[in-house]
Amino acid sequence: MTPTVLIPGLACTAEMFTAQTVALWPHGPVTVASTLEGETIAAMAAAILRDAPPRFALGGISMGGYIAMEILRQAPERVMKLALLNTSARADTPEQIEARRLLIERVRNGELEAVLAQVTPNLLHPAHRDRQDLIDIQIRMGRDVGSDGFIRQEAAITKRIDSRPHLAAIRVPTLVLVGDRDPLTPPDRAREIADAIPDASLAIIPDCGHASTLEQPKAVNAALAEWASA
């Protein structure tokens, strides 16, 4: 059986993949990687590779997708298959960098939980923005990552490279998944990735925003189970 390594997003922990860990377990051991080491996306990728199995299936959501694409650049021979969830291959725009800078300043001033409570609803499908359970999960995960971790991750994201020129070199079975109403990395960003990776499959999850693994776990699990079985 193939081991799977899953990489969570910004200010997220293993809780982001609670349902997916259970769903993927029949296909082999599942590890949720730590993103708490490294000042850059490349350094985070290197730290995950250091602790990962010799060969593995790899999945990442949002920032985890940025790291996953970097892992494919650093050690393509170790990745057996790839799942990119709710992510983008593009670098941040100047406007996005400025928005992250403002969040970093607020968190430096002790506003981590307030930032998470404000940002999280805007990432969800409109029908889910009043779901306090989803907001509570994000705040809990962000609290566990901590202010220093949040600041370091946001800074690393602003410095990431444009991965689009490297996508055609990916030669493993790849699933690209996105929510149909993902406001941060919308379906056109997912389609851009899927079109560039040879033979990649694209799954657009209905009634879903950016936090697909939490918003629509059954649909995401079904797509991942099919990917793991291929």
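Values in this text are rule-based calculations from the coordinates and carry no lab data. Quick caveat, the model's predicted, so the values are computed rather than measured. Positions of Cβ are generated from backbone atoms using ideal geometry, with glycine treated the same way; all protein chains shown enter the neighbour counts.
Can you tell which of 201, 79, 64 lies farthest toward the positive end of the dipole of the chain, using +1 and -1 charges on the Cβ of basic and acidic side chains (Lys, Arg; Asp, Glu)?
Looking along the dipole axis, the top candidate is 79.
Return the calculated 222 nm mean residue ellipticity for the chain, to the nearest 500 deg cm²/dmol, obtained by summing -39500 (n - 2.57) across DSSP H runs with n ≥ 4 and dividing by the residue count.
-15000 deg cm²/dmol
Please list 91-97, 158-164 highest first by mean number of surrounding beta-carbon atoms within 10 Å per residue.
158-164, 91-97
What net charge is computed for the residues neighbouring residue 211, neighbours being all others with C-beta under 15 Å from the C-beta of residue 211, Lys and Arg scored +1, Asp and Glu -1?
Around residue 211, the surrounding residues sum to -3.
Quick check on packing: order 214-227, 2-15 by the mean number of other C-beta atoms within 10 Å, highest mean leading.
Peptide ranking by packing, descending: 2-15, 214-227.
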